[in-house]
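A short write-up of the structure that comes next.
The values are calculated or read from the model by the stated rules, or taken from the named source; none is laboratory data. The structure displayed is predicted, hence computed values, not measured ones. A quick note on method: Cβ atoms are made from the backbone with ideal geometry, for glycine too, and the neighbour counts reach across all protein chains shown.
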Amino acid sequence: MTILRRGKFITFEGIDGAGKSTHLAWLEHFLQDKGVEVVVTREPGGTALGEALRKLLLDHQQVMHAETEALLMFAARREHLDKVILPALERGAWVISDRFTDASFAYQGGGRGVPAARLEILEQWVQGNFSSDLTLYFDVPVTISRQRVQSARVADRFELEPDLFFERVRQAYLQRASQFPERIKVVDGSLPLAEVKMAMVEAVEEFWLSHAPSR
Ligand SMILES: Nc1ncnc2c1ncn2[C@@H]1O[C@H](COP(=O)(O)OP(=O)(O)OP(=O)(O)O)[C@@H](O)[C@H]1O
Ligand SMILES: [Mg+2]
């Protein structure tokens, strides 16, 4: 996949309630203040087709094979890259996505048990060597995740899974972070909000210093 890629691609990862949405809003403002165009998006979703697939993927009445789930995630991602992410990066925008490919390795890989080798085939097919430039992984124990999202809404197809599922997802995220330590920054999301923010600010400012667009 040949791309000019003038903008940067930052992704937020973590299980439910880890703090992705809370902190993503801060990063959006931080980058806007720096004068760059910011595109905020999410996975699964980000396009009309992707959002339709998201509905199916999160619908707790849907029963599907783990590999069907993985294929749909990557199908939505193909569309997302083509319609939103790559065009934005090419025009110089910075793109922030609430979840991306690391989530497939965590949820479909760790959680559902789809072999990483299969996911890597899909990853190669859908995105070639393209990956995020920076990923902030908000790490929280499953008990904290449960407490934060409890009673907040009706559980989706993933949230209905037992704690053990989310333990596997978390371990897969941590494993992924140790596999790509340069790209994935682990932030302890169990700390008080102000401290989580401080850790994130540090990671983002370090990244900004080495990647700010030249003027
Ligand atoms: N460090 C924290 N300390 C206390 N509460 C927090 C912290 N981080 C997030 N929360 C609270 O937990 C709830 C869930 O946070 P948030 O929506 O940011 O999580 P999320 O990672 O986006 O979850 P989801 O994957 O379900 O969208 C919110 O009410 C938020 O205010
Ligand atoms: Mg969220």
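Tabulated data
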quantity: Helices (runs of 4 or more DSSP H) contained entirely in the stretch 112-201, each with at least 3 residues that are at pLDDT below 95; calculated: 142-149
quantity: Residue tally, condition within 17 Å of residue 105 (Cα to Cα) and aromatic (Phe, Trp, Tyr), over the stretch 11-26; calculated: 1
quantity: Qualifying residue in the stretch 69-76 (condition: among the acidic types (Asp, Glu) and in contact (Cβ under 8 Å) with a residue 60 or more places away in the chain); calculated: no
quantity: Counted residues, the stretch 88-123 - those being within 16 Å of ligand 2 (Cβ to nearest atom) and of a type outside the set (A, V, I, L, M); calculated: 6
quantity: Answer residue from the stretch 16-40, given it is farther than 20 Å from residue 131 by Cα, in contact (Cβ under 8 Å) with a residue 12 or more places away in the chain and within 14 Å of ligand 1 (Cβ to nearest atom) and is surrounded by the fewest Cβ atoms within 10 Å (Cβ to Cβ) among those; calculated: 21
quantity: Number of positions in the stretch 202-215 that are in a helix (DSSP H, G or I) and either closer than 23 Å to residue 114 by Cα or basic (Lys, Arg) (or both); calculated: 0
quantity: From the options 162, 141, 87, residue that is closer than 27 Å to residue 206 by Cα and without any contact (Cβ under 8 Å) to a residue 24 or more places away in the chain; calculated: 87
quantity: Residue in the stretch 105-113 that is surrounded by fewer than 23 Cβ atoms within 10 Å (Cβ to Cβ) and in contact with a Gly (Cβ under 9 Å, 6 or more places away or on another chain) present; calculated: no
quantity: Residues of the stretch 140-171 satisfying the condition of being among the charged types (D, E, K, R) and within 22 Å of residue 195 (Cβ to Cβ); calculated: 146, 148, 170
quantity: Enumeration of residues in the stretch 191-215 that are among the small types (Gly, Ala, Ser) and more than 23 Å from residue 37 (Cβ to Cβ); calculated: 194, 199
quantity: Boolean, residue 43 is surrounded by 16 or more Cβ atoms within 10 Å (Cβ to Cβ) and either farther than 26 Å from residue 171 by Cβ or out of contact with any strand residue (DSSP E or B) (no Cβ under 9 Å at 6 or more places or on another chain) (or both); calculated: no
quantity: Search result, residues across the stretch 18-44 that are in contact with a Ser or Thr (Cβ under 7 Å, 6 or more places away or on another chain) and within 12 Å of ligand 2 (Cβ to nearest atom); calculated: 18, 42, 43
